[in-house]
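Peer 1: Shown below is the structure under consideration.
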Amino acid sequence: MARSEAAPRIGVVLAARHSLVGFRFTIEDRYGRKAKRQKYPLAALPLTPSQDTLMAVSAYFESFDQKLDSHKDIYFGEVAGIERRGRTIGATMTAGRGGLSSTLSDPAAPHEPHFRREPRHVERVAIRQLVVVPENSVVGYWIVEAVGLRTLSQVYRDRFRRAFTGRWSRLSPKFEPIVHAEAWDQYEEDDSVEVEEVRFVRSRVTPDRAEALGVGDVKGEYIEIMQSVVPRKGSWLKSVREANYRRNDSGVLEPRSEDLTEVSARVRIGGRETDVIIDREKPVGMRILLGDEGDGRPTDTYFYSRAREWVLELAKRDDVLLPAGWAKDEWDHDPEFGRLGADSDSSDQGTDQ
């Protein structure tokens, strides 16, 4: 039978509509040996006088000039609302997809005519982002909004990488997704964390488990949820991990049960609620859920506040210094900085600096 403080139940879990997706942002010197490529200081691009990557990101945003760029059926651009403060730059950008035929209708108004979407139509979603490039650091952070499954895709980051390398051919930007496993390990040791529930996604229900849960014959994937009447401390996550996973010789977590697909936990830190996940196949990109504001879009103030909070947490984990005022004083784009891309001024190239 289930433990009294955490009764399992079968259910379907739906993701919040708006969330934050994060990437660690670094630059590698491509001329170094592959096994020991050095991270390049973000605030020391090879210019005279020296400039930094924050201005390069600003130039990237400016390059869209209210235009919509595309790769196959993926669209991004129409940058608006750029805000530059301290060591940060935030902006709203359109993300969208085309190439799909479908019919759109309002279930609440069945008598209204349906809209026939054709491949030439582009779905547009406003996506916000916050880029943080600390001084005297080789690590920065690129935080992007996700609306359901809609966000700025890999194609968008690849475009920045090509544009950046087109100007500094020896330097290569890297985007490393912030994954759940590292957060899980951190929350295990944090006494301020409260664990509200743990969910186990399994590929099937074994007969003994079905009998114990009293759910009968369940075919296919199912979710088992353990909830505690009183929130448990973060150390409970360690017990959950050790009971369900082992580490192989490379330190990678492997499930102890063949039917275990994923384990996730909903935790609360202060007023912020977060889901953390350990996936069977690969590290899962972490999403920070934004507050439930019904069908309304979270305000800019709320979005950027939550993004900065997450950056503070990540910087502490990475030993990155964020001094006072890192997100306060306004600044302007430098028009003398020039453009990114292969057609930029060759005097700025870093190949022989």
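The values are calculated or read from the model by the stated rules, or taken from the named source; none is laboratory data. Small disclaimer: the values here were computed from a predicted structure and weren't measured. Please note: Cβ atoms are built from the backbone with ideal geometry, for glycine as well, and neighbour counts cover all protein chains shown.
Peer 1: What about Ala342, is it modelled with pLDDT under 85, assigned to a loop (DSSP other than H, G, I, E, B) and over 25 Å from Glu273 (Cβ atoms)?
Peer 2: Details: modelled with pLDDT under 85: yes; assigned to a loop (DSSP other than H, G, I, E, B): yes; over 25 Å from Glu273 (Cβ atoms): yes.
Answer is yes for this residue.
Peer 1: Filtering segment 50-67 down to residues that are of a type outside the set (Asp, Glu) and assigned to a loop (DSSP other than H, G, I, E, B), which residue is surrounded by the most Cβ atoms within 10 Å (Cβ to Cβ)?
Peer 2: Phe64
Peer 1: Further question: If you go through segment 244-260 one residue at a time, how many are assigned to a strand (DSSP E or B) and not aromatic (Phe, Trp, Tyr)? Step through it out loud before you land on a result.
Peer 2: Filtering segment 244-260 down to residues assigned to a strand (DSSP E or B) leaves 245-247, 253-255, 260.
With the extra rule that they be not aromatic (Phe, Trp, Tyr), the set shrinks to 246-247, 253-255, 260.
Residues in segment 244-260 being assigned to a strand (DSSP E or B) and not aromatic (Phe, Trp, Tyr): 6 in total.
Peer 1: Please verify whether Leu322 is within 24 Å of Leu130 (Cβ to Cβ) and modelled with pLDDT of 80 or more, treating the condition exactly as stated.
Peer 2: Values: within 24 Å of Leu130 (Cβ to Cβ): yes; modelled with pLDDT of 80 or more: yes.
In short, yes.
Peer 1: Before we move on, is Thr299 of a type in the set (Ser, Thr, Tyr) and either modelled with pLDDT under 85 or within 18 Å of the chain's Cα centre (by Cα) (or both)?
Peer 2: No; evaluated as a whole, the condition is false for this residue.
Peer 1: Kindly check whether there is at least one residue in segment 53-64 that is touching a Ser or Thr at 6+ places or on another chain (Cβ under 7 Å) and modelled with pLDDT under 90.
Peer 2: No, the conditions are met nowhere in segment 53-64.
Peer 1: Only one residue in Gly214, Gly220, Gly148 is exposed (fewer than 14 other Cβ atoms within 10 Å of the Cβ), of a type outside the set (Ser, Thr, Tyr), assigned by TED's automatic domain parsing to the domain that holds Thr53 and modelled with pLDDT under 85, so which one is that?
Peer 2: The match here is Gly148.
Peer 1: Just checking, which of Glu83, Glu78 is closer than 29 Å to Asp52 by Cα, at pLDDT 75 or above and in contact with a helix residue (DSSP H, G or I) (Cβ under 9 Å, 6 or more places away or on another chain)?
Peer 2: That would be Glu83, the only listed residue that is closer than 29 Å to Asp52 by Cα, at pLDDT 75 or above and in contact with a helix residue (DSSP H, G or I) (Cβ under 9 Å, 6 or more places away or on another chain).
Peer 1: On to the next question. Give the residue that is surrounded by the most Cβ atoms within 10 Å (Cβ to Cβ), with candidates limited to residues of segment 91-111 that are at pLDDT 75 or above, in a loop (DSSP other than H, G, I, E, B) and of a type in the set (Gly, Ala, Ser).
Peer 2: Result: Ala109.
Peer 1: Now for a separate question. Do we have Val320 as β-branched (Val, Ile, Thr), in contact (Cβ under 8 Å) with a residue 24 or more places away in the chain and part of a loop (DSSP other than H, G, I, E, B) here?
Peer 2: Taking the combined requirement at face value, the residue satisfies it.
Peer 1: Same structure again: Output the residues belonging to segment 145-194 that are among the hydrophobic types (A, V, I, L, M, F, W, C) and within 14 Å of the chain's Cα centre (by Cα).
Peer 2: Scanning segment 145-194 gives Ala146, Val147, Leu149, Leu152, Phe175, Ile178, Val179, Ala181, Ala183.
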